[in-house]
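Participant: Here you go, one structure.
What follows draws every value from the coordinates through simple rules; no lab data is involved. The structure presented is a predicted model; accordingly, all values stated were derived computationally and were not measured. When we count neighbours, we look across all protein chains shown, and the Cβ atoms used for this are built from the backbone with ideal geometry, even at glycine.
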Amino acid sequence: MVNNTAEHIITKSPATNHGDPVDIAADIKNSGVYEGTRLIPVLTIAGSDCSGGAGVQADLKTMSANGVFAESVITSVVAENTARVISVQNIDVNIIKDQIDAVFEDIPPKAVKIGMLGSPEIMHAVAEKLEQYNPEHVVIDPVMYAKNGAALMDPSCIGTLIDIIIPRAGVLTPNIPEAERISDMEIRSVADQRKAAQVIQKMGCLSVLVKGGHAHGDARDVLFDGEQFHEFTTSRIPTKNTHGTGCTYSSAIASQLALGYRRGQAIARAKRYVTVAIQHALMLGNGNGPTHHFWDLYEHGLDDSVVGKSQVVR
């Protein structure tokens, strides 16, 4: 029986709540995740963005900012910047599988975030390794397009994505264009987001978070876990600098799950993190600039850090 009464989780508008990232940092510091010099490992399996704002680069920054040890497996090398995608080179599937083996045999991750999987062959390789290692948490961002609209997934992949990747997700995080493609329906309202989430969840994943960043009004994300709806809402931030926000959001969710937070808590905390990162987005490049993954460190911690206290050697 589906509960149609949504739980609304309203994150304070960043315009009046600049302290949110500091709260997360304090929680991490006090959570006991540090064991000597050990941190909880989290793995990203995704494409590389040479401009540093999205893909594996955004994932590594996000995971580090959220207090976990970031690991990476590169599936594709994307020659892109804030304005355009120039070319894409997919990595040989055997190298992808070797990277995954190398990570799991030595520093097995508590959670895995999966991003760009550019071909059916890559999807099969990653699915095979997920089956082999069975990580505790799997967050999948079904990346199909760059922020500028360029395709990052072969159109022939959609069937493979639905058949062998989506069923392995603990949390699937499509934006509206991706959810439309997967569910084969138009999304023009929150009610449509809910319906699409239901359709996609029936494809085998544990939960679906249909993100509302492409809609009008507040940034409202709808989660469906097979029984209940939950909504996560923040005020929309008027900026074009949102390069890598989907990568950042999903990586933050994976990090928070690895730290021990339940699904709803993990998403709420990740939403808060990415919202403030967008609020303090960087004015870089000629297109959609990147978010500021380390705003909290730069704003509050750098002067008191080892780096801030170091002396210049002349």
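Participant: When the Kirkwood hydrodynamic radius is evaluated over all pairs of different C-alpha atoms of the range 90-153, what value in angstrom, to one decimal, is obtained?
Facilitator: On the way: mean 1/r = 0.0793 Å⁻¹.
The Cα-based Kirkwood calculation yields 12.6 Å.
Participant: Can you tell me the equivalent ellipsoid semi-axes for the range 32-134? Use √(5λ) from the Cα gyration tensor, largest first, whole Å.
Facilitator: Values: eigenvalues 112, 71, 15 Å².
Value: 24, 19, 9 Å, ordered largest first.
Participant: Another one. Which ³J(HN,Hα) values in Hz, rounded to whole numbers, follow from the phi angles of the range 81-90 under the Karplus curve 6.51 cos²θ - 1.76 cosθ + 1.60, where θ = phi - 60° and Gly and Pro get x?
Facilitator: Rounded to whole hertz, the list is 9, 6, 10, 7, 9, 8, 7, 9, 10, 6.
Participant: Then there is this: In sequence order, what are the phi-derived ³J(HN,Hα) couplings for the range 124-136 according to the Karplus relation 6.51 cos²θ - 1.76 cosθ + 1.60 with θ = phi - 60°, rounded to whole Hz, with x for glycine and proline?
Facilitator: With the stated coefficients, the range 124-136 comes to 5, 5, 5, 4, 4, 6, 5, 5, 5, 9, 6, x, 5 Hz.
Participant: Testing the spin-label approximation: label points 7 Å from Cα along Cα→Cβ at Asn94 and Glu299. State their distance in nm.
Facilitator: Inter-label distance under the simple model: 4.9 nm.
Participant: Could I ask something else about it? Loop-only check: which trypsin sites (Lys or Arg not before Pro) in the range 70-175 are DSSP coil with at most 11 other Cβ within 10 angstrom? Show your work: numbers first, answer last.
Facilitator: Details: sites: Arg84, Lys97, Lys110, Lys113, Lys129, Lys147, Arg168; in loops: Arg84, Lys110, Lys147.
For trypsin sites (Lys or Arg not before Pro) across the range 70-175 that sit outside H, G, I, E and B with at most 11 neighbouring Cβ atoms in 10 Å, the list is empty.
Participant: Among the listed pairs Lys110/Lys202; Lys61/Lys110; Lys97/Lys195, which have their C-alpha atoms separated by more than 28 angstrom in this model? Each step should come with its number before you reach the end.
Facilitator: Values: Lys110/Lys202 26 Å; Lys61/Lys110 17 Å; Lys97/Lys195 36 Å.
Among Lys110/Lys202; Lys61/Lys110; Lys97/Lys195, the Cα-Cα distance tops 28 Å for Lys97/Lys195.
Participant: Further question: Residue by residue through the range 187-193, what is 3J(HN,Hα) from phi via Karplus (6.51 cos²θ - 1.76 cosθ + 1.60, θ = phi - 60°)? Round to whole Hz and write x for glycine and proline.
Facilitator: 10, 10, 7, 4, 4, 5, 4
Participant: What is the set of long-range amide H partners of Tyr145 at a cut-off below 5 Å, with H atoms built 1.01 Å from backbone N?
Facilitator: Leu152
Participant: Full extension from Asp163 to His124: what is 0.36 nm times the residue separation minus their Cα-Cα distance, to one decimal in nm? Before the final figure, lay out the partial values.
Facilitator: Numbers: separation 39, 0.36 × 39 = 14.04 nm, distance 1.01 nm.
Contour length minus Cα-Cα distance gives 13.0 nm.
Participant: Skipping prolines and chain starts, which residues have an amide H placed within reach, meaning under 5 Å, of the one on His280, given they are 5 or more residues away or on another chain?
Facilitator: Answer set, sorted by chain and number: His292.
Participant: Continuing with the same structure: List the residues whose amide H sits under 5 Å from the amide H of Val138, counting only those 5 or more places along or on another chain, with H placed 1.01 Å from N in the peptide plane.
Facilitator: Val112, Gly170, Val171
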